[in-house]
Amino acid sequence: MKKIAFYLLGCMTLLLFVACKDKPTAAIEQVTQQSLITYAKGFTLASYDDFYVVRITQPWVGAKEQFTYVLKREQAQVPDSLLQYTQVQIPIQTIACTSTTHIPALDVLDKVSSLIGFAGLDYISTQSVRDRIEQGSVQELGQNEALNVETLIDLQPDVLMTFAMDHSNKALQTIEQAGIPVLYNGDWTEQNPLGKAEWIKLFGVLFDREAEANQFFNQIVKDYTLTLQVVENIEIQPTVLSGVMYGDIWYLPEGNSWAGIYFQDAQANYLWKETQGTGSLSLSFEQVLEKAQQAEYWINPGHYESLADLDAANPHYKEFDAFKNKRVYSFASTKGSTGGSLFYELGALRPDLVLKDLIHILHPTVLPNYQPYFYRQLK
């Protein structure tokens, strides 16, 4: 996933033209079983005897479009009411992807060998995939917003899985017209940490690894829930500042955003927790300093990897107590061998590790022997 898209705290990523845009779906609604999805808000998944119906309800933030796919086994008898939607024969054998958040699911489900193309190879950190890249088994597809259409069509993957910020990527129309199913993945739009992780179920169905995907996800839910219980009786919540300046504006997460939810679950007193949005606040330096100068911790200061980097960017950062006391923590320095962000690749699938990292930072006596996976203290 492109760095710019990821560093904007949740506004990650770009687009696609796949399945037919949803028309009235009364026929589907009459027969659709209960969704197999619990936490995710961006897609539904219904199972039938020999096919699944997947509806991407939130391909990007604020999307009015929805996209429906029928994932069918070879001999499936698909009702006429579903034939208008993109048909994908499962299990698929090959896939091309455009976001690093898609990579860990392939690793977990032992389907790394199915990946034949990716947009931005240097951003991938998962070692099993890096090995295949070094062997020349995964082709570079350019950038999600400027895909190498010719290379992709030559590869002929069974599915192109991509992401979108809107419905303007014309290359995806060309790819679909060439007979390659284009499937939106809206994991980045989820605010519930477990909702992000639940997108592994889509990969499970695509690769006929549904049982393995469910088992993995259920374990994540169990571990996350047990970790919540570790701090449920915490009485003192340390105050937390987040975000950083870009130009003249300090961007920091709103209270109901994924970052805000993590702070809440980690029993932190995030100073903007009362804000109701799921995006970012845009404040002046003075506004942030007035409210957070005495904050005990500063979590997620943008892309900066050291206190010296912060100081060089803006010497006024030193006015914050968290800076003075060296209680500034970030995942920015945790990278793969070619510089890709491990957090933006694996963090969505492992909310249990993210939560433990934060609890270890904010309540050091609770998990004293835990070694943070993503976060590092800025030196």
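The values are calculated or read from the model by the stated rules, or taken from the named source; none is laboratory data. Fair warning: this is a prediction, and the values are worked out from it, not measured in the lab. So basically every Cβ, Gly included, is an ideal-geometry build from the backbone, and we count neighbours across all protein chains shown. Surface accessibility is based on the protein's heavy atoms, side chains included, excluding ligands, DNA and RNA. Shrake-Rupley method; radii C 1.70, N 1.55, O 1.52, S 1.80 Å.
Test L82 against the criterion of being more than 21 Å from the chain's Cα centre (by Cα) and open to solvent by less than 10 Å² (accessible area, probe 1.4 Å), and give yes or no.
Numbers: more than 21 Å from the chain's Cα centre (by Cα): yes; open to solvent by less than 10 Å² (accessible area, probe 1.4 Å): yes.
Yes: the conditions hold for L82.
Please determine, by comparing only the residues of the stretch 219-252 that are of a type in the set (A, V, I, L, M, F, W, C) and open to solvent by 30 Å² or more (accessible area, probe 1.4 Å), which one is nearest to A332 (Cα to Cα). Spell out the reasoning first.
Keep residues of the stretch 219-252 that are of a type in the set (A, V, I, L, M, F, W, C), which gives 220-221, 226, 228, 230-231, 234, 236, 240-241, 244-245, 249-250, 252.
Imposing the further condition that a residue be open to solvent by 30 Å² or more (accessible area, probe 1.4 Å) reduces the set to 226, 228, 230, 234, 236, 249.
Working: L226: 27, L228: 25, V230: 27, I234: 28, I236: 28, I249: 20 Å.
The qualifying residue nearest to A332 (Cα to Cα) is I249.
As a summary of the residue check, H316 satisfies the conditions (1) modelled with pLDDT under 95; (2) farther than 30 Å from V129 by Cα except for the one numbered (1).
Close Cβ contacts (under 9 Å, 6 or more residues apart or on different chains) running from residues in the stretch 195-215 that are open to solvent by 10 Å² or more (accessible area, probe 1.4 Å) to residues that are in a helix (DSSP H, G or I) and of a type in the set (D, E) comprise K196/D187; K201/E210.
For the stretch 158-174, state whether one or more residues are assigned to a loop (DSSP other than H, G, I, E, B) and modelled with pLDDT of 95 or more. Yes: the stretch 158-174 contains one or more residues that are assigned to a loop (DSSP other than H, G, I, E, B) and modelled with pLDDT of 95 or more. Of the residues screened, Y184 is not one that is closer than 28 Å to G279 by Cβ and open to solvent by 30 Å² or more (accessible area, probe 1.4 Å). Just to be sure before I move on: is Q66 in contact with a Pro (Cβ under 9 Å, 6 or more places away or on another chain), free of Cβ contacts under 8 Å to residues at least 60 places away in the same chain and open to solvent by 50 Å² or more (accessible area, probe 1.4 Å) in the structure I sent? So Q66 passes the test. One residue stands out among those in the stretch 294-318 that are open to solvent by less than 70 Å² (accessible area, probe 1.4 Å) and in a loop (DSSP other than H, G, I, E, B): the one that is nearest to A268 (Cα to Cα), which is A295. Per the conditions (1) more than 19 Å from T278 (Cβ to Cβ); (2) at pLDDT 95 or above; (3) of a type outside the set (D, E, K, R); (4) out of contact with any strand residue (DSSP E or B) (no Cβ under 9 Å at 6 or more places or on another chain), the sole criterion not satisfied by Q75 is (2). Residues in the stretch 71-96 that are basic (K, R) and either in contact (Cβ under 8 Å) with a residue 24 or more places away in the chain or in a strand (DSSP E or B) (or both): K72 alone. If you go through the stretch 319-370 and pick out every residue that is part of a helix (DSSP H, G or I), without any contact (Cβ under 8 Å) to a residue 40 or more places away in the chain and within 26 Å of the chain's Cα centre (by Cα), you end up with 4.
Report whether or not D311 is without any contact (Cβ under 8 Å) to a residue 24 or more places away in the chain and in contact with a helix residue (DSSP H, G or I) (Cβ under 8 Å, 6 or more places away or on another chain). Considered against the rule, which asks whether it is without any contact (Cβ under 8 Å) to a residue 24 or more places away in the chain and in contact with a helix residue (DSSP H, G or I) (Cβ under 8 Å, 6 or more places away or on another chain), D311 comes out as yes.
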